[in-house]
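Before any comments, here is the structure.
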Amino acid sequence: KYLFGVIGYPAKHSKSPWIHTNFLEEAQLEGLYRAIEVKPDDLSEAIKGFKALEMDGFNVTVPFKEAILPYLDEIDSYAAKIGAVNTVALENGKWKGYNTDGKGFVRSLREAYPSFDFPAGKALVIGAGGAAKGIYHALLEEEMVQVDVTNRTTEKAMKIIGNHAHEGQTHVLSLQEAEEKISDYDVIVQTTSVGMVPNTKDQVLSLAGVSSHAIVCDIVYKPFHTSFLLEAEQRGANVLHGHGMLLYQAALAFEIWTGKRVEATQLLKEFEQQVK
Ligand code: ATR
């Protein structure tokens, strides 16, 4: 029987137990997945407890994605690049850290738009927090011709891209510059918390001139229809809602732990109904 969990603070309202319990059922595996609320000062004790219990794996959420690093025996190269871990797996008696957030975003885009040609596409990432960094690196791994980053504070955007600007694949833009160039992009990903407030009209930038071929994404999934996505729809662009990223980052973690691929198509529909 598998034993999984998610640690965070808070963690009680996490969707992960519901998602992973469904995955276990879909994969016809027996196991348990629990939300485990750990006070920030108790992280070290909690990790010792997980080792003693021989947990097969656990997810890591706010505020532990970076704090977990010193407790791991190994970190995969993509998670190391991002400097944050959201999935830990017990492999040959050792804790190995992974990050499936950005790749979960890419998979949700692929599932929704299977014919989208990543390598031919130009992307714009809006924001420069942890989520932006994961998505930025996941899009680079898809070998897109261009992955630009825009943020209110451009210095922060410079930090997340490291040395990629020198390779010509990435440009850091001010919000105003990004608005002026918006028609260039095939994928536009909004990663900031702006838009999370119910009924807010606030948007980081305007989408005037967006291409009708573009896929406009908001990783915020509550509210489901953010003002940003409503504008994208009004302007005739394609949209991608944020709940898919949450579901597919979980699917990728589940696959690391069990080696079983989950399709999650039906679950995505149910999840959409819940958050709508
Ligand atoms: P995460 O939760 O992904 O780690 P974060 O570190 O909280 O994110 O970062 C929040 C992001 O939202 C940042 O890009 C931030 O811009 P700054 O770097 O300029 O602070 C952006 N953000 C938050 N409020 C914003 C606002 N009102 N207008 C524009 N950007 C905003």
Discussion item. Let me spell it out: the conditions are (1) touching a residue at least 12 places away in the same chain (Cβ under 8 Å); (2) not assigned by TED's automatic domain parsing to the domain that holds Arg235; (3) not hydroxyl-bearing (Ser, Thr, Tyr), and Val204 meets all of them except one. Which number is the exception?
Written reply: (2)
Discussion item. If I go through the stretch 149-181 residue by residue, how many of them are part of a helix (DSSP H, G or I) and buried (at least 22 other Cβ atoms within 10 Å of the Cβ)?
Written reply: 4
Worksheet item: Is it the case that the stretch 35-55 has a residue that's polar (S, T, N, Q) and surrounded by 17 or more Cβ atoms within 10 Å (Cβ to Cβ)?
Response: no
Discussion item. Among the listed residues Asp73, Asp117, identify the single one that is away from the ligand (no atom under 15 Å from the Cβ), charged (D, E, K, R), under 30 Å from Met55 (Cα atoms) and free of Cβ contacts under 8 Å to residues at least 24 places away in the same chain.
Written reply: Asp73
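Could we say that Tyr71 is among the hydroxyl-bearing types (Ser, Thr, Tyr) and farther than 23 Å from Asp218 by Cα here?
Numbers: among the hydroxyl-bearing types (Ser, Thr, Tyr): yes; farther than 23 Å from Asp218 by Cα: yes.
Considered against the rule, which asks whether it is among the hydroxyl-bearing types (Ser, Thr, Tyr) and farther than 23 Å from Asp218 by Cα, Tyr71 comes out as yes.
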Fill in: helices (runs of 4 or more DSSP H) contained in the stretch 207-276 and holding at least 2 residues surrounded by 19 or more Cβ atoms within 10 Å (Cβ to Cβ), without any contact (Cβ under 8 Å) to a residue 60 or more places away in the chain and not β-branched (Val, Ile, Thr)
227-234
Response to the item:
Of the residues in the stretch 81-105, those that are free of Cβ contacts under 8 Å to residues at least 24 places away in the same chain and charged (D, E, K, R) come to Glu91, Lys94
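Does Gly134 meet the test of being out of contact with any strand residue (DSSP E or B) (no Cβ under 6 Å at 6 or more places or on another chain), in the same structural domain as Glu177 (by TED's automatic domain parsing), modelled with pLDDT of 95 or more and within 14 Å of the ligand (Cβ to nearest atom)?
yes
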Worksheet item: Can you tell which of Pro70, Pro114 is surrounded by fewer than 21 Cβ atoms within 10 Å (Cβ to Cβ), on the phi < 0 side of the Ramachandran plot and in a loop (DSSP other than H, G, I, E, B)?
Response: Pro114
Worksheet item: For the stretch 159-207, which residues satisfy the criterion of being within 11 Å of the ligand (Cβ to nearest atom) and of a type in the set (D, E, K, R)?
Response: Lys159, Asp202
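The values are calculated or read from the model by the stated rules, or taken from the named source; none is laboratory data. All values reported here derive from a predicted model rather than from experimental measurement. Here Cβ is always computed from backbone atoms with ideal geometry, including for glycine, and neighbour counts include all displayed protein chains.
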